[in-house]
1. What is the sum of charges around C:Ile100, taking Lys and Arg as +1, Asp and Glu as -1, for the other residues whose C-beta is under 13 Å from the C-beta of C:Ile100?
2. Tally Lys/Arg at +1 and Asp/Glu at -1 over every other residue whose Cβ is under 13 Å from the Cβ of C:Leu61; what's the total?
3. Put a label point 7 Å from Cα along the Cβ direction on A:Glu92, then list its distances to the equivalent points in the other copies in nm, shortest first.
4. What gaps in nm, shortest first, separate C:Ala67 from its twins in the other copies when you place the label 7 Å past Cα toward the beta carbon?
5. Please report, for B:Gly160, the nm distances (one decimal) from its label point, 7 Å out from Cα along the beta-carbon direction, to the equivalent points in the remaining copies, shortest first.
6. Would you mind getting the accessible area per residue of region D:14-101, heavy atoms of the protein chains only, 1.4 Å probe, in Å²?
7. Counting only helical runs of four or more DSSP H residues, what would the 222 nm mean residue ellipticity of chain C come to if each run contributes -39,500 (n - 2.57) and the total is spread over all its residues?
8. Check B:Val117: other-chain or 5+ apart residues with amide H under 5 Å from its amide H, H built from backbone geometry?
Number of protein chains: 4
Amino acid sequence: MTDSDDPIILLTTGGTIDKLYFDALSEYQIGESILPRLFAMARVTQPFEIEEVLRKDSLELSDADRALIAARVAAAPSSRIVITHGTDTMTETARALADIPGKTIVLVGALAPARFVESDATFNLGMAFATAQVAPPGVYITMNGTVFRADQVVKDRERGAFVKTR
Amino acid sequence: MTDSDDPIILLTTGGTIDKLYFDALSEYQIGESILPRLFAMARVTQPFEIEEVLRKDSLELSDADRALIAARVAAAPSSRIVITHGTDTMTETARALADIPGKTIVLVGALAPARFVESDATFNLGMAFATAQVAPPGVYITMNGTVFRADQVVKDRERGAFVKTR
Amino acid sequence: MTDSDDPIILLTTGGTIDKLYFDALSEYQIGESILPRLFAMARVTQPFEIEEVLRKDSLELSDADRALIAARVAAAPSSRIVITHGTDTMTETARALADIPGKTIVLVGALAPARFVESDATFNLGMAFATAQVAPPGVYITMNGTVFRADQVVKDRERGAFVKTR
Amino acid sequence: MTDSDDPIILLTTGGTIDKLYFDALSEYQIGESILPRLFAMARVTQPFEIEEVLRKDSLELSDADRALIAARVAAAPSSRIVITHGTDTMTETARALADIPGKTIVLVGALAPARFVESDATFNLGMAFATAQVAPPGVYITMNGTVFRADQVVKDRERGAFVKTR
């Protein structure tokens, strides 16, 4: 395992995982991240820090946004990074992170908002947080119960699931 | 990563994670495992099988029970095993599994029943399921947001948390 | 109390209470009603029937829709009716029901989808189901912890709450 | 409806509704009431006050306890009272309240703790809170989706449900 003293850093960028319903607007928007509450509920004692980078649906991320995310990952004072991200363009952001050396970087999101009773969010976050501790440096995606190498997976939008490419 | 074609096998032995309240008895008992429902909610597409071994609070496990669990792990047709277990004697069962070669074995439980709204169960299961896919052969415990080597952790019952021993 | 042998009839018309998130569409739509599951969870033994009338956001209801709802209420073989409805035009539909004699009619909805962990949906449904059993014939709205006479309430959209008008 | 300016008073006495699991003790106990959080989640704007009277399983209530509850109800500066209570001896406490004039008194509990995902607690509380607003003075029990007059109901412990006696 990557036995590190640095806290695990979680960067939030938006996506379905943090979508809220705003009645006054009759619409859904990405809100304040629910991650702190989920980590408290999970009784996590392992040191970690949560930093908000963006609040965007991943279909709206620009190249500049992805470069920003990459810069934040590279600058983070830790070798273990988890990034919450919309699922639709997760693999594109993964490509922008591929050349960052010496860090275990895990992209994670959810197919239903974490605030829903029946969401995959909490399970996925557990997967990501463990992968950050155990996997060797590289970029990973933890969705649909699977730890994928980020360069070996694609989201099948019709099926609503991530599948291994090779 | 341990790239295996065998399904991940989950063995349930009881513990707080599956405690239910039975009103007619005015008491709590370990019931039918909630794991199948949690895995559906988590949209897990990775092949897995759930098998019930016991329904015991871990304070009630005998040496014979631990030997049974070890036998089931050794016989399981997979190199990736997750065991749900009460938290109080998880490390004892881990010792009974220490000599099983060639398998990544992850013990996991919860400090509050999975059926509670605010439980660590789902996050812990996500951690365990990922660790089973990524960690090299050996015995692990995934609790309190941490992937522990099972021979390097103890449960501090006063604090209600697992802590690293060395 | 209105001591009746007829089952209480629940008519679902849509609204936030039954909004689901469809990942493939990256949007929210009103889905199959969650009411049967909520009533099972509430261990309701009182006879009732659930009938779907519409699946619309209440801002999209036409006069023809409201006339349909009124016709269904009038034709229902029961003196106790609960109608789930979007909150934005609940009072308009109430006006269309005002002349139906001999029935206790309760409009209810939610400010957050019932599928959210932190929703007012379940509490509101409990209020509505009790009001249907206890209140004399007339039209009521049960929102924000209050049983309103439907001709004495308005939704303050800015505050996101129902308030008494007189 | 009982159109009152006094806040509705909620008296908590314990029971399953507020049972928590204490891992350090490996047992369940009645804890701090979850009612304030449930009322916030339900977006209740109707004035109310919550006061703790006891934290007991209803099988443990003595005559002195029931007399205390009755005294608190009689002294409460409101004509609308809701009492959370264990379900097993709810009807006994109801008898101790039968002679209090001019108040609508509603006993309510749950067959599963409110902290469980699948609990009847929230629906029951909604029923009780509405009944307190609508029903004429007297003592009521709101369980299993039904508003019962407290002198016309009994708990069938085998079936785990409240049934009308006449």
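1. Net local charge, C:Ile100 excluded: +4.
2. -2
3. Spacings between copies for this position, smallest first, are 3.8, 5.5, 6.7 nm.
4. 6.0, 6.7, 8.1
5. Ordered by increasing distance: 2.5, 3.0, 3.5 nm.
6. Here the per-residue accessible area is 43 Å².
7. Rounded to the nearest 500, it is -7500 deg cm²/dmol.
8. Those lying under 5 Å, H to H, from B:Val117 are D:Phe116, D:Val117.
The values are calculated or read from the model by the stated rules, or taken from the named source; none is laboratory data. This is a predicted model, so every value here is computed, not measured. All Cβ positions, even for glycine, are placed from backbone atoms using ideal geometry, and neighbour counts span all protein chains on display. With ligands, DNA and RNA removed, areas are computed over all heavy atoms of the protein, side chains included. Shrake-Rupley method; radii C 1.70, N 1.55, O 1.52, S 1.80 Å.
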